[in-house]
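Trainee: Okay, here's the structure, questions in a sec.
The values are calculated or read from the model by the stated rules, or taken from the named source; none is laboratory data. Fair warning: this is a prediction, and the values are worked out from it, not measured in the lab. Cβ placement follows ideal geometry from the backbone for every residue including glycine, while neighbour counts extend to all protein chains displayed.
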Amino acid sequence: MKRVLAAVGLVVAVLLAVLVLRAATVKSHQLQAAPVKDLAIDARAAAERLAGAIRFPTVSHENGQNVERVAFLGLHEYLQRSFPRVHAALTRETVADYSLLYTWKGSNPSLAPILLMSHQDVVPVEPGTEKDWTHPTFSGLIDGGYVWGRGALDDKVGVLAILEAAETLLARGFQPQRTVYFAFGHDEEVGGHQGAAAIAALLARRGVRPELILDEGGLIAEGMVQGIEKPVALIGTAEKGYVSVELVAEAAGGHSSMPPRHGAIGKVAEAIEKLEDHPMPAHIEGATKRSFEYLAPEMPFVPRLVLANLWLFAPAAERQFAADPAANARIRTTTAATVFQAGIKENVLPHRARAVVNFRILPGDSIAGVLRHVRETVGPEIRVSATGVTKTEPSPESPDSAPEFALLQRTLAQLFPGTVVSPNLLSGGTDTKHYLGLSHNVYRFLPIRMHAEDLARLHGTNERVGVENYGEIVRFYAQLLRNGVGTTP
Ligand SMILES: [Zn+2]
């Protein structure tokens, strides 16, 4: 007995030593760089120009119908007026009626170009919430140190900041060596099937192969990553796929006084419950795993111990993540019932009930895999099919070992010292899904500073960006261009 205890004790001691050693020796992935001092931006004047752009209600409507023609054309004219140097030095093409492609020709045609992206359209205001806004949605007001209005975060901020950065560099006589493209779609909020898809196809036809594609999607999280007090710049290196699945059940209709045991509504309701209770399996892999490798070294000992030893703790970590919706979304394909339709009158049994369940697909899973999982889970009584315009497989993972990722890291280290940088899996989708064939180095990031409570402003009420932060965003794009495509000034 004693000998067994001693053996167990030895195993435990060795195990502990391994865990502690691994936690103690994780290497930091952060870059250091000297701060940049010679890049002054008049944040207030830049913010005024952003506010002006917000006043054009370039709303994307469901299914891409009824494009807000006047608003888009007004915005285009406004951009031309606001950034005269850009519109003199760069070529601007209108693609698919409202999307914009700018080309800033580099001095060295043998170098691969880079492509900066954003989108001009915004989501509508949810009816009934208009009065909750501190300032009207499209007022484009500056108040209390913020620019208020739809598009301040998503994603006129990107369009305006990119142009502002270029205007600033042109004023200083900057000439890029690489060719730089700016691509601003007009229907990202409804899938980008007109705008981004057309620009990507046009670039492909011209044989353009960008070395770096940078779009919206990542942000600077403040106080959002447990265990790290410093701000964390989350660079999207992959994004989840997307499919909506329709569930339909049919049943004998008729008078509600003699109902069957399960009517159409009951069948669909049961199917949804089964899907919620049987989610697709969790995996800590790819961009999520890489993010832990970047974040762990910056954490205190205990969380570092766990993240540095996922070979042992993965099952426990997965159980813990599953309890938190944001964490859960990073480790599995999520299941969200979003539509339920049936019935017309309280005393009539419906013939048919219908629900839609939206899945955000983890890299490694697939649309076909989701459909298989749904069919197996709900059983033969439910008709299952993919629905909706947007069906997207998960993106490939862009490497954090690429020089283009290091370029983003270096730019952040220069302008946001003390900020931790990490790759990240995006649970939402961006227009980059249309560009994946053009480059391996597709990243999603824009240095908007956000606290957890600000997340509800995205597509929600009181969307706003800090004036000072907006200045930082402009500086980020300008410095990125200086680092990435040209020489001084
Ligand atoms: Zn967006």
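Trainee: Given the structure, is Ile213 within 16 Å of the ligand (Cβ to nearest atom) and either part of a loop (DSSP other than H, G, I, E, B) or modelled with pLDDT of 95 or more (or both)?
Mentor: In short, yes.
Trainee: Out of curiosity, is Gly128 more than 16 Å from the ligand (Cβ to nearest atom), in contact (Cβ under 8 Å) with a residue 60 or more places away in the chain and surrounded by fewer than 24 Cβ atoms within 10 Å (Cβ to Cβ)?
Mentor: no
Trainee: For residues that are surrounded by 14 or more Cβ atoms within 10 Å (Cβ to Cβ) and assigned to a strand (DSSP E or B), tally how many sit in the stretch 340-386.
Mentor: 18
Trainee: Go through the stretch 419-447 residue by residue and tally those that are farther than 26 Å from Lys230 by Cα and within 16 Å of the ligand (Cβ to nearest atom).
Mentor: Count: 7.
Trainee: Give the stretch 311-332 a look and list any residue that's outside any loop (DSSP other than H, G, I, E, B) and crowded, with 19+ Cβ neighbours inside 10 Å, or say none.
Mentor: If the condition is that a residue be outside any loop (DSSP other than H, G, I, E, B) and crowded, with 19+ Cβ neighbours inside 10 Å, then Ala317, Phe321, Ala329, Arg330, Ile331 are the ones that fit.
Trainee: Also, quick follow-up: Which of the residues that make up the stretch 409-419 are touching a strand residue (DSSP E or B) at 6+ places or on another chain (Cβ under 6 Å) and part of a helix (DSSP H, G or I)?
Mentor: Gln409, Leu412, listed by residue number.
Trainee: Take the residues in the stretch 145-159 that are within 18 Å of Ala456 (Cβ to Cβ) and small (Gly, Ala, Ser); name whichever of them is nearest to the ligand (Cβ to nearest atom).
Mentor: Looking at the filtered set, the residue picked out is Gly151.
Trainee: OK, next. Output the residue which, of all residues in the stretch 172-189 that are of a type in the set (Gly, Ala, Ser) and in contact with a helix residue (DSSP H, G or I) (Cβ under 6 Å, 6 or more places away or on another chain), is farthest from the ligand (Cβ to nearest atom).
Mentor: Only one residue tops the list, namely Ala183.
Trainee: In the stretch 448-482, how many are in contact with a helix residue (DSSP H, G or I) (Cβ under 7 Å, 6 or more places away or on another chain), closer than 19 Å to Leu163 by Cβ and either surrounded by fewer than 22 Cβ atoms within 10 Å (Cβ to Cβ) or among the aromatic types (Phe, Trp, Tyr) (or both)?
Mentor: Here the count works out to 7.
Trainee: Kindly indicate whether Gly52 is at pLDDT 95 or above, over 27 Å from the mean Cα position of the chain (by Cα) and surrounded by 11 or more Cβ atoms within 10 Å (Cβ to Cβ).
Mentor: When the stated conditions are applied, Gly52 does not pass them.
Trainee: In the stretch 216-249, which residue that is away from the ligand (no atom under 16 Å from the Cβ) and among the acidic types (Asp, Glu) is surrounded by the fewest Cβ atoms within 10 Å (Cβ to Cβ)?
Mentor: Per the stated criteria, the residue is Glu229.
Trainee: Assuming His193 fulfils every condition listed in (1) buried (at least 22 other Cβ atoms within 10 Å of the Cβ); (2) within 16 Å of the ligand (Cβ to nearest atom); (3) not in a helix (DSSP H, G or I); (4) not β-branched (Val, Ile, Thr) apart from one, which condition is it?
Mentor: Tallying (1) buried (at least 22 other Cβ atoms within 10 Å of the Cβ); (2) within 16 Å of the ligand (Cβ to nearest atom); (3) not in a helix (DSSP H, G or I); (4) not β-branched (Val, Ile, Thr), His193 fails exactly one: (1).
Trainee: Can you confirm whether Ala200 is in a strand (DSSP E or B) and either more than 23 Å from Ala456 (Cβ to Cβ) or of a type in the set (Gly, Ala, Ser) (or both)?
Mentor: For Ala200, the condition - in a strand (DSSP E or B) and either more than 23 Å from Ala456 (Cβ to Cβ) or of a type in the set (Gly, Ala, Ser) (or both) - is not met.
Trainee: List pairs: first in the stretch 100-122 and closer than 20 Å to Leu75 by Cα, second within 16 Å of the ligand (Cβ to nearest atom) and among the basic types (Lys, Arg), Cβ under 6 Å, 6+ apart or cross-chain?
Mentor: Val122/Arg150
Trainee: Could you pull out the residue among Ser395, Ser401, Ser422 that is outside any loop (DSSP other than H, G, I, E, B), farther than 17 Å from Asp155 by Cα and at pLDDT 95 or above? Please lay out each step first, then the result.
Mentor: On the way: Ser395 fails: outside any loop (DSSP other than H, G, I, E, B); Ser401 fails: outside any loop (DSSP other than H, G, I, E, B).
Selected residue: Ser422, the only one of Ser395, Ser401, Ser422 that is outside any loop (DSSP other than H, G, I, E, B), farther than 17 Å from Asp155 by Cα and at pLDDT 95 or above.
Trainee: Specify the residue that is nearest to the chain's Cα centre (by Cα); the eligible residues are those in the stretch 99-125 that are part of a loop (DSSP other than H, G, I, E, B), away from the ligand (no atom under 16 Å from the Cβ) and not polar (S, T, N, Q).
Mentor: Pro113
Trainee: A further question follows. Suppose the filter is modelled with pLDDT under 95 and either more than 16 Å from the ligand (Cβ to nearest atom) or not in a loop (DSSP other than H, G, I, E, B) (or both); does Pro260 pass it? Don't jump to the end; show me each part of the working.
Mentor: Working: modelled with pLDDT under 95: yes; either more than 16 Å from the ligand (Cβ to nearest atom) or not in a loop (DSSP other than H, G, I, E, B) (or both): yes.
So Pro260 fits the description; yes.
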